[in-house]
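Enquirer: Would you mind keeping the following structure in view while I ask a few things?
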Amino acid sequence: ADQPTFYDLVGGEPTFRKLVARFYEGLADDPLLRPLYPEEDLGPAEERLRLFLMQYWGGPNTYSASRGHPRLRMRHAPFRVGPAERDAWLRHMRDAVDSLDLPADQHQTLWEYLERAAYFMVNTMDDA
Ligand code: HEM
């Protein structure tokens, strides 16, 4: 049989569902980040992030089947992502990762990836 993926090890879809739901709960009330999201209903954006992360960690490729190649830096180009937006995004994501109560090695693997990805997404160094 195939080796279990990181997706399997952390508990599969329910874990990513919980992670992203918690993240969007924080985002919904964030005065800096909420205005960046074009849609009133955050549900579809929540689903896109959940499916992307599931795919990234070895789960089903549903994200690319519906959205194509991720090209995340390009997809974020229309939005202002400066250091303040990055830090706010990471604050909500840290809270969400902590809520999973993963074993320390899995927590670290997931967090280090998200932190690196958020730094990579910054597209302006201007202060707001
Ligand atoms: C989409 C903001 C970092 C993954 C979006 C959208 C916004 C946004 C405004 C459009 C909402 C939508 O989907 O309609 C930000 C900000 C970040 C950040 C302010 C701060 C650094 C990240 C990171 C990842 C990520 C680190 C991945 C690990 C995604 C994905 C989408 C998305 C997968 C949907 C792309 C698509 O298929 O259209 N983000 N993002 N974002 N973001 Fe971010």
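Read the figures in this text as sums done on the coordinates, not as results from a lab. Because the structure is a prediction, the values reported are computed rather than measured. Virtual Cβ from ideal backbone geometry, glycine too; neighbours counted across all protein chains shown.
Enquirer: If Asn61 satisfies all but one of (1) without any contact (Cβ under 8 Å) to a residue 24 or more places away in the chain; (2) under 13 Å from the mean Cα position of the chain (by Cα); (3) away from the ligand (no atom under 11 Å from the Cβ), what's the number of the condition it fails?
Expert: Answer for Asn61: the failing condition is (2).
Enquirer: Let me ask something additional. If we scan region 107-114, do we find a residue that is within 9 Å of the ligand (Cβ to nearest atom), surrounded by 14 or more Cβ atoms within 10 Å (Cβ to Cβ) and over 18 Å from Asp30 (Cα atoms)?
Expert: yes
Enquirer: Need the failing condition index for Ala88 against (1) in contact with an Asp or Glu (Cβ under 9 Å, 6 or more places away or on another chain); (2) surrounded by fewer than 16 Cβ atoms within 10 Å (Cβ to Cβ), just the number.
Expert: Every condition holds for Ala88 apart from (2).
Enquirer: Could you tell me whether region 29-49 includes any residue that is part of a loop (DSSP other than H, G, I, E, B) and away from the ligand (no atom under 12 Å from the Cβ)?
Expert: Within region 29-49, one or more residues are part of a loop (DSSP other than H, G, I, E, B) and away from the ligand (no atom under 12 Å from the Cβ).
Enquirer: Which of the residues belonging to region 54-73 are in a helix (DSSP H, G or I) and farther than 23 Å from Val122 by Cα?
Expert: Passing the criteria: Thr62, Ala65, Ser66.
Enquirer: Just for region 64-81: of the residues that are in contact (Cβ under 8 Å) with a residue 24 or more places away in the chain and more than 9 Å from the ligand (Cβ to nearest atom), which one is surrounded by the fewest Cβ atoms within 10 Å (Cβ to Cβ)?
Expert: Within region 64-81, the match that is surrounded by the fewest Cβ atoms within 10 Å (Cβ to Cβ) is Ala77.
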